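Values quoted throughout were computed directly from the atomic coordinates according to the rules given, and no laboratory measurement underlies them. Everything quoted here is computed from the prediction, not taken from an experiment. Here the Cβ positions follow ideal geometry from the backbone for every residue, glycine too, while neighbour counts run over all protein chains shown.
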Amino acid sequence: MYKKRVIKETIYFHLYISPWLLGFLIFTLWPIIQSLYISLTDWEMQLNKYPKFIGISNYRNLLFNDELFWISLKNTIYYAFGSVPLGLILALILALLLNQKLRGITIFRTIFYLPSVISGVAVALLWVWIFNPNFGIVNVILAKLGLPTPGWFGDPEWAMPALIIMSFWGVGGSMLIFLAGLQGIPTEFYEAAEIDGANLWSKFRHITLPMLSPTILFNLVMGIIGSFQVFTNVYIMTSGGPGTATLVYVLYLFQNAFLYFKMGYASAMAWILFVIILILTLLVIKSSAFWVYYETEVKK
Amino acid sequence: MKKKIIKIIIGYLLLIPFAILFLIPFLWSISTALKPLDQVFLFPPKWIPDPVMWDNFIIGWRSVPFGRFFLNTTIITVLAVLGTVLSSSIVAYGFARLESFDKNILFIILLSTMMLPGQVTMIPIYILFKNLGWLNTFFPLIIPSWFGGGAFNIFLFRQFFLTIPKEFDDAAKVDGAGYFDIFWEIILPLSKPVLITITIFSFIYHWNDFLNPLIYLNKMEKFTIAVGLRYFQNAYQATYINLMMAVSLIALAPVLVIFLLAQRFFIKGIVLSGLKG
């Protein structure tokens, strides 16, 4: 009797998760195996019908013979290092400002959060116009302040900074997660510190930052993963130019796959991207032992 | 008391400049969208257009088949969101409430798929849909959502379901309810915050999605808004910036409206589901 119930529940469990299980097999596991194989083949889909096995040649060519691969990787790292740390600092500042008891604070929260949900082509088009070298609002303001007015997307030096600046408009997501983290810090901690005569900075340094460090870790990892996969903005705003100044990794991968239809080569790029993201994530998580502080440690 | 007032003033003094910075892009695009073309290229620019060109929205809308694109995007988004919400919640129910010998290992597999960048599976999935003859159809943009609706959504639903007391299930069982009754009549109605959160995020994702429509749709009558805007950009951007801004704003409107209507619920949803997992 007991056994029959267990068997029944096991069957029902698999029935209920079957949409995901099937999806996993069809859209994840099988594609992973195929992708690994395709990455070891020469397959220009427009020319030959079937992939031709060539071993690790794609990987070797990428790493040793393809200048654009390295340029795209370098550009992506530039983008990630520019947008992630500064973006996190901005998100934290905004979250701290929102964590005050002020009338109308939800209006400010909406204003800061809104841009992060409306990503996509329309937003990219908007920012092309904002950064227009002659009539865009950024250069209008810079000119008014008597500052130099760069060519932004027309200038290889300034195209990437423009993309990075634009990314700051979308920090609302991390900001909201920081805000949730801040609201989870017990107020008694601050009250106790105030009794000890702590000032604003030392409260931030010794209570807020350590208590928030798991949230920082989460946002950092998500930020790195996201920034390595940046695509739509670059595709719409610069197409990788001027020259190769903003040719980022996923854009180059996309070009190989869907412009030149070099499926083997693009698949190899995808696997290298996976390894890079994996290593970076593991490094960050490993390093977190030194700077992330978990509440449970105190309670012991 | 005086100290408190100073604190409030400083609070606003810090918030307002940031708010202005975050609003400028919106204001700039609205201002541009309402200008006659000769006022777009003025230096220094005028913020308030004169005359106000409401017609820009109509002209922009009619210049390419945006009505068609809107309809396409709506069909894709509605069906994909429906698939995401239904399938991810039902899978999450399995993980939250049912027992099986292989549950833990399957859950670990589910979580680890979140680590995999989409680019790895993108090409084989493209080839699969191509072989099925589904290029230039909406199927590649809808069907995958019905198979679990994404690991992260399953995870969010599961986390929320776990907070619902199991006594509710037991009481229903005594009354003769089956697993599906419990899921449909008890668990889902109690999960409104996470339901709304996932619906909205999924809506925004599919509405804004650019890469997938770009890959799978290349006939104009199949375009979504995102791809249609790209088409418009290539055709008109150099000159008709005002129309460009007008159609961009039209494309953003549904997301803005839904966000503003539902933000109270789903900001709570984010905070609740938060990072506790």
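Worth pointing out:
- The charge dipole of chain A, taken about its Cα centre with unit charges on the Cβ of Lys, Arg, Asp and Glu (plus for the first two, minus for the last two), comes to roughly 860 debye.
- Degrees separating the helix B:151-162 axis from the principal Cα axis of chain B, which is the longest one: 50 degrees
- Helix B:66-97 vs. chain B, principal-axis angle (Cα, 0 to 90°, nearest 10): 30 degrees
- Taking the charge dipole of the stretch B:2-56 about its Cα centre, with +1 at Lys and Arg Cβ atoms and -1 at Asp and Glu Cβ atoms, the residue from B:Trp54, B:Leu21, B:Phe41 reaching farthest to the positive side is B:Leu21.
- Cα long-axis angle, helix B:192-208 against chain B (0 to 90 degrees, to the nearest 10): 50 degrees
- Cα gyration tensor, the stretch B:2-56 - rounded (a/c under 1.5), prolate or oblate: prolate
- Values of log10 I(q)/I(0), in the order q = 0.06, 0.09, 0.12 Å⁻¹, for the protein assembly as shown under a Debye, Cα-only, solvent-free model: -0.34, -0.79, -1.39
- Spin-label model distance (nm) - A:Arg5 vs B:Trp134, 7 Å beyond Cα toward Cβ: 4.1 nm
- Efficiency of FRET between B:Phe180 and A:Leu22 - r from beta-carbon atoms, R0 25 angstrom, step 0.05: 0.85
- The radius of gyration of the Cα set in the stretch B:1-115, together with its Dmax, comes out at 25.9, 71 angstrom.
- Qualifying aspartates and glutamates (Cα of each under 15 Å from Cα of A:Lys4; at least 8 residues distant if same chain): B:Glu99
- Hits among lysines - C-alpha to C-alpha of A:Lys203 under 21 Å, sequence gap 8 or more where chains match: A:Lys101, A:Lys299, B:Lys3, B:Lys4, B:Lys7
- For the protein assembly as shown, size of Cβ-based charge dipole, Lys and Arg +1, Asp and Glu -1, in debye: 560 debye
- Span-rule helices in chain A, defined as complete DSSP H runs reaching 24 Å or more along the axis (Cα) with Kyte mean at least 0.0: A:2-24, A:67-98, A:209-228, A:263-291
- Percentage of interatomic Cα-Cα distances in the stretch B:134-277 larger than 24 Å: 51 percent
- Stretch gain in nm, segment A:Leu209-A:Asn65, where the contour uses 0.36 nm per residue and the Cα spacing is subtracted: 47.3 nm
- Along the axis of the charge dipole computed for the protein assembly as shown (Cβ charges of +1 for Lys and Arg, -1 for Asp and Glu, origin at the Cα centre), the listed residues B:Leu86, B:Leu229, A:Phe189 are led at the positive end by A:Phe189.
- For B:Lys192, the lysines whose Cα comes closer than 17 Å to its Cα, not counting residues fewer than 8 places off in the same chain, are B:Lys268.
- Formal net charge of residues neighbouring A:Leu182 (Cβ-Cβ distance under 13 Å; K, R +1; D, E -1): +3
- Within-12-Å neighbourhood charge of B:Met53 [Cβ basis; K, R +1; D, E -1]: -2
- Note on B:Glu167 and B:Leu111: with the Förster distance fixed at 35 Å, the Cβ-Cβ geometry gives a FRET efficiency of about 0.80.
- Cα centre as origin, Lys/Arg/Asp/Glu Cβ charges: the stretch B:86-169 dipole, Debye: 180 debye
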